[in-house]
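These notes are about the structure you will find just below.
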């Protein structure tokens, strides 16, 4: 029979796992729809006009999410916490999205573009983690990099 302490520890573990997994599920779901939408932008539409509409919708959705999740929150006060990362992220996200849209307009397949870019990103982030955040490189990470590189070769092989 489980004690109260065991039940509490089990609950905390399950809550931790939920908090760990649900953002990943949002990323996977959103990235899937993102790729479908980016591929679906009309070729004749100016990419930057499309992004203007996209970011207007994202701004409204983000503001709504702020007010729904922050009871009595002051969004202008939150803006005062802005640092360089928030500003640069806006520029970088634009580059990311424009890159995907231009790549799809150039003929990349939805089944390979994200795979190729994410595999390359995984390799790059190993070194970013090592240099910028002092994360360790383990043999399993080295093996993962090797697998990514082999995968990139086979995905791009004609």
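Remarks
- When the stretch 122-146 is filtered for residues that are in a helix (DSSP H, G or I) and exposed (fewer than 13 other Cβ atoms within 10 Å of the Cβ), the ones remaining, listed by number, are 124, 127, 128, 131, 132, 133, 139, 140, 142, 143, 146.
- Unique residue being modelled with pLDDT of 90 or more and more than 22 Å from the chain's Cα centre (by Cα) when the list is 90, 99, 107, 95: 107
- From the list 94, 86, the one residue that fits, being assigned to a helix (DSSP H, G or I) and in contact (Cβ under 8 Å) with a residue 24 or more places away in the chain, is 94.
- Residue satisfying all of: in the stretch 36-49; out of contact with any helix residue (DSSP H, G or I) (no Cβ under 6 Å at 6 or more places or on another chain) and part of a helix (DSSP H, G or I); farthest from residue 115 (Cα to Cα) among these: 49
- Test: residue 59 is on the phi < 0 side of the Ramachandran plot, at pLDDT 95 or above and in a helix (DSSP H, G or I): yes
- Qualifying residue in the stretch 22-35 (condition: over 30 Å from residue 117 (Cβ atoms), part of a helix (DSSP H, G or I) and touching a helix residue (DSSP H, G or I) at 6+ places or on another chain (Cβ under 8 Å)): no
- Screening residue 21 on (1) modelled with pLDDT under 95; (2) closer than 23 Å to residue 155 by Cβ shows it passes everything except condition (2).
The values are calculated or read from the model by the stated rules, or taken from the named source; none is laboratory data. For clarity, every value in this text was computed on a predicted model and none was experimentally measured. Note that each Cβ is placed from the backbone with ideal geometry, even for glycine, and that neighbours are counted across all protein chains shown.
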